[in-house]
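Input: a single structure, listed below in structure tokens.
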Amino acid sequence: MLPPVSEQEIKEYRQELEKVLKGRGYYLNPDDTYTNNLIQGILVNIKRYGYGCCPCRLAAKDKAKDIDVICPCYYRDDDVAEYGACFCGLYVSRENYKEKKEISSIPERRGKAKPIPRSIPMKELTITHTVWRCNVCGYLTARDTAPDVCPICGVPKDRFEIFIEGNK
Ligand code: SF4
């Protein structure tokens, strides 16, 4: 049986998420019912496994094995940049949020995306991912495209420049 999750727990978790996301260029799906159902799934997983495994994926029930799909997962940003939403549709792009666009199905990136290593020798950095730099606050991020909004200082994408060219 699923561990029970109260309306209040969903509400509080959602408020926390909204607080964290504010001004950082990430948006929750504007469909409230859909979003609350996903939050409920995350909360159930927290009660079940002790961590908030993605509600749309099968958990290995081992935190180390599921580390890449603890919400928000390692694939969120690339999916939002490419498809306008994460795999579950919990997080959406600014455009999708503002226009309340319907989310189509997002292909699973897990296991297909080239993983970004946790630590990599400087001389090899250009071999894998492009590093983007926010020219306002200096925030660096290794990913295919610059984020829509700098999560640190809130400036838009056009203030980013490539700091180290990737070689994919
Ligand atoms: S796909 Fe979305 S809901 Fe699922 S873990 Fe990633 S960010 Fe969270």
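Counting the residues of region 59-82 that are in a helix (DSSP H, G or I), under 18 Å from Tyr34 (Cα atoms) and in contact with a helix residue (DSSP H, G or I) (Cβ under 9 Å, 6 or more places away or on another chain) gives 1.
A search for C-beta distances below 9 Å between a residue of region 78-91 that is more than 16 Å from Arg57 (Cα to Cα) and any residue that is part of a helix (DSSP H, G or I) and of a type in the set (Asp, Glu), counting only pairs 6+ apart in sequence or on different chains, returns Gly84/Glu95.
For region 153-168, residues that are closer than 20 Å to His129 by Cβ and surrounded by fewer than 14 Cβ atoms within 10 Å (Cβ to Cβ) total 5.
Taken over region 22-58, the criterion of being part of a loop (DSSP other than H, G, I, E, B) and either farther than 30 Å from Arg159 by Cβ or among the polar types (S, T, N, Q) (or both) is satisfied by Asn29, Asp31, Gly50, Tyr51, Gly52, Cys54, Pro55, Cys56, Arg57, Leu58.
Every read-out reported here was derived from the displayed coordinates using simple, explicitly stated rules and does not represent laboratory data. These figures come from a predicted structure and were not determined experimentally. When we count neighbours, we look across all protein chains shown, and the Cβ atoms used for this are built from the backbone with ideal geometry, even at glycine.
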